[in-house]
Amino acid sequence: MSPAASAQPEFGEFEFVVVSNRLPVDRVTDDDGTTGWRRSPGGLVTALAPVMEKADGAWVGWHGAPDEKLKPFHNKGMQLVPVELSLREVEFYYEGFSNATLWPLYHDVIAPPEFHRHWWDSYRRVNERFATAAAKVAAEGATVWVQDYQLQLVPKLLREVRPDLKIGFFNHIPFPPVEIFAQMPWRRQVLEGLLGADLVGFQRTGDTSNFLRCVRRYVGHPIKAQQVDVQDDAGRTLYFSRAEAFPISIDVKRISDLAENEDVRERARQIRRELGDPKVVVLGVDRLDYTKGIGHRLKAYGELLEDGRIKVENSALIQVASPSRERVEQYRILREEVEGAVGHISGMFDTMRNTAIRYLHHSYPVEEMVALYLAADVMLVTALRDGMNLVAKEYVAARTNNQGALVLSEFTGAADQLRQAVLVNPHDIDGLKEAICQAIQMDPQEANRRMKSMRKQVLQNDVERWSEDFLRALQAKEDHV
Ligand code: G6P
(Lines give C-alpha, C1' and ligand atoms only; values in the text may rest on other atoms or scores of the structure.)
Protein backbone atom coordinates (compact mmCIF):
# COMPACT_ATOMS: atom_id res chain seq x y z
CA MET A 1 0.00 0.00 0.00
CA SER A 2 1.27 3.47 -0.85
CA PRO A 3 2.17 5.91 1.97
CA ALA A 4 -0.78 8.06 0.90
CA ALA A 5 -3.17 5.13 1.17
CA SER A 6 -1.92 4.08 4.61
CA ALA A 7 -2.49 7.54 6.17
CA GLN A 8 -5.50 7.98 8.48
CA PRO A 9 -8.12 10.38 7.12
CA GLU A 10 -7.84 13.68 8.89
CA PHE A 11 -9.67 16.79 7.77
CA GLY A 12 -8.17 20.16 6.97
CA GLU A 13 -9.86 23.54 6.90
CA PHE A 14 -10.24 24.42 3.19
CA GLU A 15 -13.46 23.82 1.26
CA PHE A 16 -11.65 24.42 -2.04
CA VAL A 17 -8.13 23.26 -2.87
CA VAL A 18 -6.16 23.60 -6.08
CA VAL A 19 -3.17 21.31 -6.59
CA SER A 20 -0.58 21.97 -9.30
CA ASN A 21 3.08 21.24 -9.78
CA ARG A 22 3.91 24.92 -9.50
CA LEU A 23 2.67 27.52 -7.08
CA PRO A 24 1.89 30.87 -8.75
CA VAL A 25 5.15 32.24 -7.38
CA ASP A 26 8.69 30.91 -7.52
CA ARG A 27 11.23 31.26 -4.76
CA VAL A 28 14.24 33.19 -6.08
CA THR A 29 17.59 33.91 -4.47
CA ASP A 30 19.60 36.92 -5.67
CA ASP A 31 23.38 36.98 -6.03
CA ASP A 32 23.69 38.67 -2.63
CA GLY A 33 21.71 35.82 -1.00
CA THR A 34 18.44 37.70 -0.47
CA THR A 35 15.34 35.68 -1.24
CA GLY A 36 12.08 36.80 -2.83
CA TRP A 37 9.19 35.69 -5.02
CA ARG A 38 8.71 35.89 -8.75
CA ARG A 39 5.64 35.04 -10.86
CA SER A 40 5.92 31.47 -12.21
CA PRO A 41 6.02 30.96 -15.98
CA GLY A 42 3.41 29.42 -18.23
CA GLY A 43 -0.24 29.29 -19.15
CA LEU A 44 -1.43 27.33 -16.12
CA VAL A 45 -0.45 30.07 -13.68
CA THR A 46 -1.69 32.82 -16.06
CA ALA A 47 -5.12 31.20 -16.03
CA LEU A 48 -5.44 30.00 -12.44
CA ALA A 49 -3.92 32.92 -10.51
CA PRO A 50 -6.84 35.30 -11.22
CA VAL A 51 -9.31 32.55 -10.27
CA MET A 52 -7.51 31.82 -7.00
CA GLU A 53 -7.00 35.50 -6.12
CA LYS A 54 -10.79 35.75 -5.91
CA ALA A 55 -11.51 32.32 -4.43
CA ASP A 56 -11.34 31.44 -0.78
CA GLY A 57 -9.17 28.35 -0.99
CA ALA A 58 -5.70 26.88 -0.70
CA TRP A 59 -3.21 26.28 -3.51
CA VAL A 60 -0.88 23.31 -3.01
CA GLY A 61 2.27 23.23 -5.18
CA TRP A 62 6.02 23.36 -5.51
CA HIS A 63 7.72 26.71 -4.94
CA GLY A 64 10.42 26.20 -7.57
CA ALA A 65 13.49 25.89 -5.32
CA PRO A 66 14.92 22.40 -4.72
CA ASP A 67 15.66 21.07 -1.25
CA GLU A 68 13.89 23.88 0.54
CA LYS A 69 11.15 23.23 3.08
CA LEU A 70 8.75 26.13 3.52
CA LYS A 71 5.73 26.73 5.72
CA PRO A 72 2.33 27.66 4.21
CA PHE A 73 2.13 31.40 3.52
CA HIS A 74 -0.10 34.14 2.05
CA ASN A 75 0.59 35.85 -1.25
CA LYS A 76 -1.79 38.26 -3.05
CA GLY A 77 -4.71 37.08 -0.99
CA MET A 78 -3.98 33.40 -1.72
CA GLN A 79 -3.17 30.72 0.84
CA LEU A 80 -0.20 28.84 -0.61
CA VAL A 81 0.91 25.43 0.65
CA PRO A 82 4.44 24.55 -0.54
CA VAL A 83 5.40 20.97 -1.38
CA GLU A 84 9.09 20.20 -1.13
CA LEU A 85 11.09 18.57 -3.95
CA SER A 86 14.64 17.36 -3.53
CA LEU A 87 17.29 18.08 -6.14
CA ARG A 88 17.01 14.47 -7.26
CA GLU A 89 13.23 14.74 -7.62
CA VAL A 90 13.58 17.90 -9.65
CA GLU A 91 15.84 15.90 -11.94
CA PHE A 92 13.79 12.69 -12.12
CA TYR A 93 10.17 13.73 -11.56
CA TYR A 94 10.13 17.29 -13.00
CA GLU A 95 12.83 17.52 -15.66
CA GLY A 96 12.72 13.79 -16.37
CA PHE A 97 9.31 12.14 -16.31
CA SER A 98 7.21 15.32 -16.56
CA ASN A 99 9.23 17.19 -19.15
CA ALA A 100 11.27 14.62 -21.06
CA THR A 101 8.70 11.76 -21.03
CA LEU A 102 5.16 13.13 -20.77
CA TRP A 103 5.63 16.56 -22.38
CA PRO A 104 7.01 15.28 -25.71
CA LEU A 105 4.70 12.23 -25.69
CA TYR A 106 1.61 14.41 -25.23
CA HIS A 107 2.80 16.93 -27.87
CA ASP A 108 2.80 14.68 -30.92
CA VAL A 109 6.31 13.32 -30.12
CA ILE A 110 7.86 16.47 -31.68
CA ALA A 111 10.90 15.52 -29.61
CA PRO A 112 11.51 11.84 -28.79
CA PRO A 113 10.14 10.92 -25.34
CA GLU A 114 12.50 9.09 -23.01
CA PHE A 115 11.28 6.27 -20.79
CA HIS A 116 13.24 5.54 -17.61
CA ARG A 117 12.01 3.40 -14.76
CA HIS A 118 13.74 5.48 -12.08
CA TRP A 119 11.97 8.60 -13.45
CA TRP A 120 8.63 6.81 -13.18
CA ASP A 121 9.38 5.74 -9.58
CA SER A 122 10.14 9.33 -8.68
CA TYR A 123 6.94 10.54 -10.44
CA ARG A 124 4.90 8.08 -8.38
CA ARG A 125 6.53 9.10 -5.12
CA VAL A 126 6.13 12.82 -5.76
CA ASN A 127 2.49 12.34 -6.79
CA GLU A 128 1.94 10.58 -3.45
CA ARG A 129 3.44 13.57 -1.65
CA PHE A 130 1.14 16.01 -3.44
CA ALA A 131 -1.88 13.81 -2.68
CA THR A 132 -0.93 13.66 1.01
CA ALA A 133 -0.45 17.44 1.14
CA ALA A 134 -3.84 18.06 -0.50
CA ALA A 135 -5.58 15.53 1.77
CA LYS A 136 -4.17 17.33 4.79
CA VAL A 137 -5.58 20.77 3.96
CA ALA A 138 -8.96 19.74 2.45
CA ALA A 139 -12.01 19.99 4.71
CA GLU A 140 -14.54 17.15 4.88
CA GLY A 141 -16.44 16.96 1.59
CA ALA A 142 -14.23 19.67 0.05
CA THR A 143 -13.61 20.15 -3.66
CA VAL A 144 -10.06 19.43 -4.79
CA TRP A 145 -9.04 20.48 -8.27
CA VAL A 146 -5.85 18.80 -9.51
CA GLN A 147 -4.02 20.38 -12.46
CA ASP A 148 -1.99 19.10 -15.36
CA TYR A 149 0.23 16.28 -16.57
CA GLN A 150 2.73 16.40 -13.72
CA LEU A 151 0.08 15.12 -11.28
CA GLN A 152 -1.96 12.51 -13.14
CA LEU A 153 -1.76 9.94 -10.34
CA VAL A 154 -3.03 12.33 -7.66
CA PRO A 155 -6.80 11.88 -8.29
CA LYS A 156 -6.72 8.13 -7.56
CA LEU A 157 -4.32 8.48 -4.62
CA LEU A 158 -6.52 11.16 -3.14
CA ARG A 159 -9.70 9.16 -3.58
CA GLU A 160 -8.10 6.24 -1.72
CA VAL A 161 -7.42 8.29 1.41
CA ARG A 162 -10.30 10.77 1.14
CA PRO A 163 -13.38 9.24 -0.51
CA ASP A 164 -15.43 12.13 0.91
CA LEU A 165 -13.88 14.64 -1.53
CA LYS A 166 -15.18 15.89 -4.89
CA ILE A 167 -12.14 15.51 -7.12
CA GLY A 168 -11.63 17.34 -10.41
CA PHE A 169 -8.69 17.11 -12.77
CA PHE A 170 -7.81 19.44 -15.63
CA ASN A 171 -5.20 18.67 -18.27
CA HIS A 172 -3.73 21.91 -19.65
CA ILE A 173 -1.82 20.23 -22.45
CA PRO A 174 -3.09 18.00 -25.28
CA PHE A 175 -4.03 14.39 -24.61
CA PRO A 176 -2.41 12.24 -27.30
CA PRO A 177 -4.08 9.81 -29.70
CA VAL A 178 -4.11 6.19 -28.57
CA GLU A 179 -1.44 5.22 -31.14
CA ILE A 180 1.04 7.58 -29.45
CA PHE A 181 -0.10 7.08 -25.86
CA ALA A 182 0.45 3.35 -26.47
CA GLN A 183 4.22 3.89 -26.20
CA MET A 184 4.05 4.67 -22.51
CA PRO A 185 5.17 1.70 -20.42
CA TRP A 186 2.95 2.84 -17.50
CA ARG A 187 -0.09 3.74 -19.59
CA ARG A 188 -2.61 1.79 -17.53
CA GLN A 189 -1.44 3.28 -14.22
CA VAL A 190 -1.67 6.81 -15.64
CA LEU A 191 -5.22 6.26 -16.94
CA GLU A 192 -6.30 4.72 -13.64
CA GLY A 193 -4.73 7.66 -11.81
CA LEU A 194 -6.81 10.12 -13.84
CA LEU A 195 -9.98 8.07 -13.45
CA GLY A 196 -9.76 8.71 -9.70
CA ALA A 197 -11.33 12.09 -10.53
CA ASP A 198 -15.09 12.61 -10.68
CA LEU A 199 -14.54 14.93 -13.62
CA VAL A 200 -11.53 14.91 -15.98
CA GLY A 201 -11.34 18.12 -18.03
CA PHE A 202 -9.51 18.68 -21.30
CA GLN A 203 -8.92 21.67 -23.55
CA ARG A 204 -10.55 20.28 -26.69
CA THR A 205 -13.18 17.68 -27.54
CA GLY A 206 -10.42 15.91 -29.52
CA ASP A 207 -8.39 15.46 -26.31
CA THR A 208 -11.46 14.08 -24.54
CA SER A 209 -12.09 11.47 -27.22
CA ASN A 210 -8.39 10.51 -27.29
CA PHE A 211 -8.55 9.93 -23.54
CA LEU A 212 -11.73 7.87 -23.71
CA ARG A 213 -10.30 5.76 -26.52
CA CYS A 214 -7.19 5.07 -24.40
CA VAL A 215 -9.39 4.12 -21.43
CA ARG A 216 -11.42 1.77 -23.60
CA ARG A 217 -8.29 0.11 -24.95
CA TYR A 218 -6.08 -0.10 -21.88
CA VAL A 219 -8.37 -0.10 -18.84
CA GLY A 220 -11.46 -1.67 -20.29
CA HIS A 221 -14.12 -0.06 -18.05
CA PRO A 222 -17.50 0.36 -19.77
CA ILE A 223 -18.02 3.83 -21.23
CA LYS A 224 -21.39 5.38 -22.00
CA ALA A 225 -21.28 8.75 -23.74
CA GLN A 226 -18.57 10.51 -21.74
CA GLN A 227 -19.05 8.58 -18.49
CA VAL A 228 -16.62 5.89 -17.46
CA ASP A 229 -18.09 3.21 -15.21
CA VAL A 230 -15.13 2.60 -12.89
CA GLN A 231 -15.41 -0.98 -11.67
CA ASP A 232 -13.58 -3.24 -9.26
CA ASP A 233 -11.99 -6.53 -10.38
CA ALA A 234 -15.30 -8.33 -9.94
CA GLY A 235 -17.00 -5.94 -12.36
CA ARG A 236 -18.97 -4.05 -9.69
CA THR A 237 -19.45 -0.32 -10.25
CA LEU A 238 -17.42 1.73 -7.79
CA TYR A 239 -18.28 5.19 -9.13
CA PHE A 240 -18.52 7.09 -12.40
CA SER A 241 -15.86 9.37 -13.80
CA ARG A 242 -16.77 11.87 -16.53
CA ALA A 243 -14.53 13.33 -19.26
CA GLU A 244 -15.38 16.65 -20.89
CA ALA A 245 -13.80 19.59 -22.71
CA PHE A 246 -13.50 23.01 -21.02
CA PRO A 247 -11.35 25.33 -23.17
CA ILE A 248 -9.32 27.53 -20.83
CA SER A 249 -9.05 31.30 -21.16
CA ILE A 250 -7.52 34.44 -19.66
CA ASP A 251 -8.42 37.29 -17.32
CA VAL A 252 -9.89 39.35 -20.16
CA LYS A 253 -10.75 42.37 -18.03
CA ARG A 254 -7.23 42.69 -16.66
CA ILE A 255 -5.71 42.62 -20.15
CA SER A 256 -8.22 45.00 -21.72
CA ASP A 257 -7.98 47.42 -18.76
CA LEU A 258 -4.21 47.48 -19.18
CA ALA A 259 -4.66 48.03 -22.91
CA GLU A 260 -6.67 51.17 -22.08
CA ASN A 261 -4.16 52.41 -19.52
CA GLU A 262 -2.38 55.57 -20.71
CA ASP A 263 1.07 54.54 -19.35
CA VAL A 264 0.85 51.20 -21.15
CA ARG A 265 -0.26 52.89 -24.37
CA GLU A 266 2.60 55.36 -24.15
CA ARG A 267 5.00 52.46 -23.61
CA ALA A 268 3.61 50.83 -26.80
CA ARG A 269 4.29 54.02 -28.76
CA GLN A 270 7.76 54.18 -27.24
CA ILE A 271 8.48 50.58 -28.34
CA ARG A 272 7.60 51.51 -31.92
CA ARG A 273 9.76 54.63 -31.74
CA GLU A 274 12.68 52.62 -30.39
CA LEU A 275 12.32 50.25 -33.34
CA GLY A 276 12.69 53.27 -35.65
CA ASP A 277 8.96 53.59 -36.37
CA PRO A 278 8.74 50.79 -38.92
CA LYS A 279 5.59 50.42 -41.03
CA VAL A 280 4.93 46.97 -39.63
CA VAL A 281 5.72 45.41 -36.27
CA VAL A 282 5.37 41.63 -36.08
CA LEU A 283 5.45 39.86 -32.70
CA GLY A 284 6.05 36.36 -31.36
CA VAL A 285 5.78 35.55 -27.63
CA ASP A 286 6.54 32.07 -26.35
CA ARG A 287 8.25 30.07 -23.69
CA LEU A 288 11.39 28.82 -25.40
CA ASP A 289 9.87 25.40 -26.09
CA TYR A 290 10.14 23.10 -29.13
CA THR A 291 6.34 22.81 -29.28
CA LYS A 292 6.01 26.49 -30.17
CA GLY A 293 7.31 26.33 -33.74
CA ILE A 294 9.73 29.25 -33.29
CA GLY A 295 12.16 27.73 -35.81
CA HIS A 296 9.41 27.40 -38.46
CA ARG A 297 8.42 31.02 -37.90
CA LEU A 298 12.00 32.25 -38.22
CA LYS A 299 12.49 30.23 -41.38
CA ALA A 300 9.40 31.73 -42.99
CA TYR A 301 10.32 35.26 -41.92
CA GLY A 302 13.92 34.85 -43.07
CA GLU A 303 12.77 33.63 -46.49
CA LEU A 304 10.39 36.57 -46.85
CA LEU A 305 13.35 38.90 -46.25
CA GLU A 306 15.39 36.92 -48.74
CA ASP A 307 12.61 37.06 -51.34
CA GLY A 308 12.37 40.82 -50.80
CA ARG A 309 8.69 40.54 -49.85
CA ILE A 310 9.59 42.03 -46.46
CA LYS A 311 12.18 44.79 -46.14
CA VAL A 312 14.29 45.29 -43.05
CA GLU A 313 13.77 49.09 -43.31
CA ASN A 314 10.03 48.91 -42.84
CA SER A 315 9.35 45.73 -40.93
CA ALA A 316 10.53 44.52 -37.51
CA LEU A 317 10.00 41.16 -35.85
CA ILE A 318 10.11 41.08 -32.05
CA GLN A 319 10.54 37.56 -30.71
CA VAL A 320 10.15 37.17 -26.95
CA ALA A 321 11.38 33.72 -25.94
CA SER A 322 11.11 33.36 -22.19
CA PRO A 323 13.58 30.98 -20.55
CA SER A 324 12.12 27.55 -19.75
CA ARG A 325 13.30 24.16 -18.43
CA GLU A 326 16.86 25.13 -19.22
CA ARG A 327 18.45 22.01 -17.78
CA VAL A 328 16.51 19.65 -20.06
CA GLU A 329 18.62 18.54 -23.02
CA GLN A 330 16.02 19.18 -25.76
CA TYR A 331 15.54 22.74 -24.50
CA ARG A 332 19.29 23.39 -24.64
CA ILE A 333 19.41 22.11 -28.21
CA LEU A 334 16.43 24.26 -29.14
CA ARG A 335 18.00 27.38 -27.67
CA GLU A 336 21.11 26.85 -29.75
CA GLU A 337 19.04 26.30 -32.89
CA VAL A 338 16.84 29.34 -32.37
CA GLU A 339 19.73 31.61 -31.47
CA GLY A 340 21.68 30.28 -34.44
CA ALA A 341 18.78 31.07 -36.77
CA VAL A 342 18.34 34.57 -35.34
CA GLY A 343 22.08 35.22 -35.71
CA HIS A 344 22.00 33.95 -39.28
CA ILE A 345 19.08 36.16 -40.29
CA SER A 346 20.53 39.20 -38.52
CA GLY A 347 23.90 38.66 -40.18
CA MET A 348 22.26 38.54 -43.58
CA PHE A 349 19.77 41.40 -43.34
CA ASP A 350 20.67 43.85 -40.56
CA THR A 351 21.92 47.27 -41.54
CA MET A 352 23.63 49.84 -39.34
CA ARG A 353 20.20 51.37 -38.79
CA ASN A 354 17.85 48.38 -38.77
CA THR A 355 17.72 44.98 -37.14
CA ALA A 356 15.57 42.25 -38.70
CA ILE A 357 14.73 40.47 -35.44
CA ARG A 358 14.73 41.72 -31.87
CA TYR A 359 15.26 38.48 -30.00
CA LEU A 360 14.59 38.79 -26.27
CA HIS A 361 15.42 35.83 -24.03
CA HIS A 362 13.56 37.22 -21.02
CA SER A 363 10.20 37.11 -19.35
CA TYR A 364 8.33 40.36 -18.78
CA PRO A 365 5.62 41.63 -16.45
CA VAL A 366 2.09 41.69 -17.84
CA GLU A 367 2.16 45.50 -18.34
CA GLU A 368 5.09 45.18 -20.74
CA MET A 369 3.43 42.26 -22.50
CA VAL A 370 0.29 44.30 -23.12
CA ALA A 371 2.42 47.20 -24.42
CA LEU A 372 4.03 44.75 -26.85
CA TYR A 373 0.60 43.46 -27.96
CA LEU A 374 -0.47 47.07 -28.58
CA ALA A 375 2.73 47.82 -30.49
CA ALA A 376 2.31 44.81 -32.81
CA ASP A 377 0.35 44.95 -36.07
CA VAL A 378 0.68 41.21 -36.54
CA MET A 379 0.95 38.46 -33.94
CA LEU A 380 2.48 35.10 -34.92
CA VAL A 381 1.43 31.97 -33.02
CA THR A 382 2.88 29.05 -34.97
CA ALA A 383 2.90 26.22 -32.40
CA LEU A 384 3.36 22.69 -33.74
CA ARG A 385 1.10 21.48 -30.93
CA ASP A 386 -0.34 23.48 -28.04
CA GLY A 387 -3.08 22.61 -25.54
CA MET A 388 -4.60 26.08 -25.83
CA ASN A 389 -2.12 29.01 -26.28
CA LEU A 390 -3.16 31.89 -24.10
CA VAL A 391 -0.85 34.37 -25.85
CA ALA A 392 -3.24 34.31 -28.84
CA LYS A 393 -6.17 35.12 -26.54
CA GLU A 394 -4.21 37.86 -24.75
CA TYR A 395 -3.35 39.54 -28.06
CA VAL A 396 -7.02 39.55 -29.04
CA ALA A 397 -8.09 40.86 -25.62
CA ALA A 398 -5.54 43.69 -25.83
CA ARG A 399 -6.70 44.89 -29.29
CA THR A 400 -9.49 47.06 -27.89
CA ASN A 401 -9.57 49.15 -31.10
CA ASN A 402 -10.26 46.00 -33.17
CA GLN A 403 -7.11 46.44 -35.25
CA GLY A 404 -4.28 44.00 -35.82
CA ALA A 405 -4.07 40.52 -37.30
CA LEU A 406 -3.43 37.15 -35.70
CA VAL A 407 -1.67 34.35 -37.54
CA LEU A 408 -2.62 31.20 -35.64
CA SER A 409 -1.54 27.59 -35.95
CA GLU A 410 -4.27 25.02 -36.54
CA PHE A 411 -2.52 22.86 -33.98
CA THR A 412 -3.44 25.03 -31.00
CA GLY A 413 -6.56 24.59 -28.89
CA ALA A 414 -7.20 28.31 -29.47
CA ALA A 415 -7.74 27.63 -33.18
CA ASP A 416 -11.00 25.84 -32.32
CA GLN A 417 -12.36 29.14 -31.02
CA LEU A 418 -10.53 31.92 -32.88
CA ARG A 419 -11.80 30.89 -36.30
CA GLN A 420 -11.33 34.40 -37.73
CA ALA A 421 -7.56 34.31 -37.29
CA VAL A 422 -5.39 33.63 -40.33
CA LEU A 423 -5.13 29.90 -39.68
CA VAL A 424 -1.93 28.12 -40.74
CA ASN A 425 -0.22 24.77 -40.84
CA PRO A 426 3.25 25.83 -39.57
CA HIS A 427 4.90 22.83 -41.23
CA ASP A 428 3.95 24.32 -44.60
CA ILE A 429 6.60 27.05 -44.86
CA ASP A 430 5.20 28.47 -48.12
CA GLY A 431 1.74 28.54 -46.59
CA LEU A 432 3.16 30.24 -43.50
CA LYS A 433 4.88 32.88 -45.66
CA GLU A 434 1.61 33.56 -47.46
CA ALA A 435 -0.23 33.83 -44.16
CA ILE A 436 2.30 36.34 -42.78
CA CYS A 437 1.99 38.46 -45.95
CA GLN A 438 -1.79 38.19 -45.86
CA ALA A 439 -1.79 39.41 -42.25
CA ILE A 440 0.63 42.28 -42.99
CA GLN A 441 -1.35 43.43 -46.02
CA MET A 442 -4.82 42.81 -44.66
CA ASP A 443 -7.35 45.42 -45.58
CA PRO A 444 -8.13 47.38 -42.36
CA GLN A 445 -11.86 46.77 -42.70
CA GLU A 446 -11.36 43.06 -42.99
CA ALA A 447 -8.91 43.07 -40.07
CA ASN A 448 -11.49 44.98 -38.07
CA ARG A 449 -14.25 42.51 -38.88
CA ARG A 450 -12.09 39.52 -37.96
CA MET A 451 -10.75 41.05 -34.74
CA LYS A 452 -14.24 42.10 -33.64
CA SER A 453 -15.50 38.56 -34.00
CA MET A 454 -12.50 37.08 -32.16
CA ARG A 455 -12.82 39.66 -29.39
CA LYS A 456 -16.48 38.75 -28.96
CA GLN A 457 -15.49 35.10 -28.51
CA VAL A 458 -12.76 35.87 -25.97
CA LEU A 459 -14.82 38.43 -24.05
CA GLN A 460 -17.69 35.98 -23.63
CA ASN A 461 -15.43 33.16 -22.54
CA ASP A 462 -12.99 34.45 -19.95
CA VAL A 463 -11.17 32.38 -17.38
CA GLU A 464 -13.75 32.99 -14.69
CA ARG A 465 -16.35 31.40 -16.91
CA TRP A 466 -13.99 28.47 -17.56
CA SER A 467 -13.54 27.74 -13.86
CA GLU A 468 -17.24 28.26 -13.10
CA ASP A 469 -18.24 25.89 -15.89
CA PHE A 470 -15.79 23.24 -14.70
CA LEU A 471 -16.71 23.52 -11.03
CA ARG A 472 -20.43 23.59 -11.78
CA ALA A 473 -20.11 20.40 -13.83
CA LEU A 474 -18.09 18.82 -11.03
CA GLN A 475 -20.68 19.69 -8.38
CA ALA A 476 -23.55 18.58 -10.61
CA LYS A 477 -22.00 15.19 -11.28
CA GLU A 478 -23.86 12.39 -9.60
CA ASP A 479 -21.71 9.65 -8.12
CA HIS A 480 -24.06 6.97 -9.37
CA VAL A 481 -26.03 7.12 -12.56
C1 G6P B 1 2.72 24.80 -19.45
C2 G6P B 1 2.22 23.68 -18.55
C3 G6P B 1 2.27 24.09 -17.10
C4 G6P B 1 3.65 24.59 -16.74
C5 G6P B 1 4.07 25.71 -17.68
C6 G6P B 1 5.48 26.24 -17.43
O7 G6P B 1 1.82 25.87 -19.43
O8 G6P B 1 0.91 23.31 -18.93
O9 G6P B 1 1.94 23.01 -16.25
O10 G6P B 1 3.71 25.04 -15.42
O11 G6P B 1 4.01 25.24 -19.02
O12 G6P B 1 6.39 25.20 -17.41
P13 G6P B 1 7.26 24.87 -16.12
O14 G6P B 1 7.89 23.56 -16.42
O15 G6P B 1 8.24 25.99 -16.02
O16 G6P B 1 6.34 24.81 -14.94
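Numbers at a glance
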{"item": "Solvent-accessible heavy-atom area per residue, rounded to whole Å², over the chain at 1.4 Å", "result": "42"}
{"item": "DSSP-defined beta bridges in the chain - what % are antiparallel, rounded to 5", "result": "25"}
{"item": "Net charge dipole size for the stretch 369-481 [Lys, Arg +1 and Asp, Glu -1 on Cβ; Debye, nearest 20]", "result": "320"}
{"item": "Anchor residue 452: lysines whose Cα lies under 20 Å away (excluding residues fewer than 8 positions away in-chain)", "result": "253, 393"}
{"item": "5 angstrom amide H check on residue 318, placed H, neighbours 5+ away", "result": "282, 283, 284, 358"}
{"item": "Cβ-placed point charges (K, R +1; D, E -1), dipole of the stretch 36-91 about Cα centre in debye, nearest 20", "result": "220"}
{"item": "Net lengthening on full extension, residue 237/residue 469 (0.36 nm per residue, minus Cα-Cα)", "result": "80.8 nm"}
{"item": "Proportion of all alpha-carbon pairs of the stretch 101-148 beyond 12 Å (%)", "result": "72"}
{"item": "Set of the stretch 250-281 residues, backbone N closer than 11 Å to the point 7 Å along the Cα-Cβ line of residue 364", "result": "267-272"}
{"item": "Linear extension gain, residue 449 paired with residue 35, 0.36 nm per residue minus alpha-carbon span", "result": "144.2 nm"}
{"item": "In Hz, Karplus ³J(HN,Hα) per residue of the stretch 398-415 (6.51, -1.76, 1.60; θ = phi - 60°; x = Gly, Pro)", "result": "7, 7, 5, 8, 6, 9, x, 10, 10, 9, 10, 5, 4, 8, 9, x, 4, 5"}
{"item": "DSSP bridge orientation in the stretch 203-343 - percent antiparallel, rounded to nearest 5", "result": "45"}
{"item": "P(r), alpha carbons of the stretch 404-481 - 5 Å bins starting at zero, rounded %", "result": "3, 14, 18, 17, 14, 10, 8, 6, 5, 3, 2, 0"}
{"item": "Computed [θ] at 222 nm, deg cm²/dmol, the chain (DSSP H ≥ 4; -39,500 (n - 2.57); rounded to nearest 500)", "result": "-12500 deg cm²/dmol"}
{"item": "Protein-only accessible surface order, largest first, of 373, 290 at 1.4 Å", "result": "290, 373"}
{"item": "Spatially proximal lysines relative to residue 477 (Cα-Cα < 25 Å; intrachain offsets below 8 disregarded)", "result": "54, 136, 156, 166, 224"}
{"item": "Descending Cα extents along the principal axes, the stretch 202-253, whole Å", "result": "51, 19, 15"}
{"item": "Potential lengthening between residue 459 and residue 164 on full extension [0.36 nm per residue; Cα-Cα distance subtracted]", "result": "102.6 nm"}
{"item": "Trypsin sites (Lys or Arg not before Pro) restricted to the stretch 397-453 and DSSP loop, no more than 14 other C-beta within 10 Å", "result": "419"}
{"item": "Charge dipole magnitude, Cβ of K and R +1, D and E -1 - the chain, Cα centre, debye nearest 20", "result": "680"}
{"item": "Dipole axis of the chain (+1 Lys, Arg; -1 Asp, Glu on Cβ), positive-most option in 37, 365, 65", "result": "365"}
{"item": "Dmax and Rg, reported as Rg then Dmax, of the stretch 155-216 (C-alpha, Å)", "result": "11.9, 36"}
{"item": "All Cα pairs of the stretch 362-444, percent lying beyond 20 Å", "result": "31"}
{"item": "Compactness of the stretch 90-248, expressed as Rg and Dmax over alpha-carbon positions, Å", "result": "14.8, 43"}
{"item": "Relative intensity, log₁₀ I(q)/I(0), of the chain from a Debye sum that treats every alpha carbon as a point, q = 0.06 Å⁻¹", "result": "-0.27"}
{"item": "Estimated inter-spin distance, residue 118 and residue 326, nm [label 7 Å along Cα→Cβ]", "result": "2.5"}
{"item": "Percent RCO, i.e. relative contact order, over the chain, from Cα pairs under 8 Å lying at least 6 residues apart", "result": "14"}
{"item": "Mean separation of Cα contacts under 8 Å, 6 or more apart, over the residue count of the stretch 160-256: relative contact order %", "result": "28"}
{"item": "By accessible area with a 1.4 Å probe, ligands and nucleic acids excluded, highest first: order of 118, 172", "result": "118, 172"}
{"item": "Accessible-area order (highest first, 1.4 angstrom probe) of the listed residues 63, 74, 362, 221", "result": "74, 362, 221, 63"}
{"item": "Within the accessible area of the chain (1.4 Å probe), percent carbon and sulfur", "result": "47"}
{"item": "Relative contact order (percent, whole number), the stretch 153-197, Cα cutoff 8 Å, 6+ residue spacing", "result": "72"}
{"item": "For residue 447, net neighbour charge (Lys/Arg +1, Asp/Glu -1) across residues whose Cβ lies under 14 Å away", "result": "+2"}
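The values are calculated or read from the model by the stated rules, or taken from the named source; none is laboratory data. Remember, it's a predicted structure, so these values are computed and weren't measured experimentally. A quick note on method: Cβ atoms are made from the backbone with ideal geometry, for glycine too, and the neighbour counts reach across all protein chains shown. Keep in mind that these areas ignore ligands, DNA and RNA; they rest on the heavy atoms of the full protein, side chains included. Shrake-Rupley method; radii C 1.70, N 1.55, O 1.52, S 1.80 Å.
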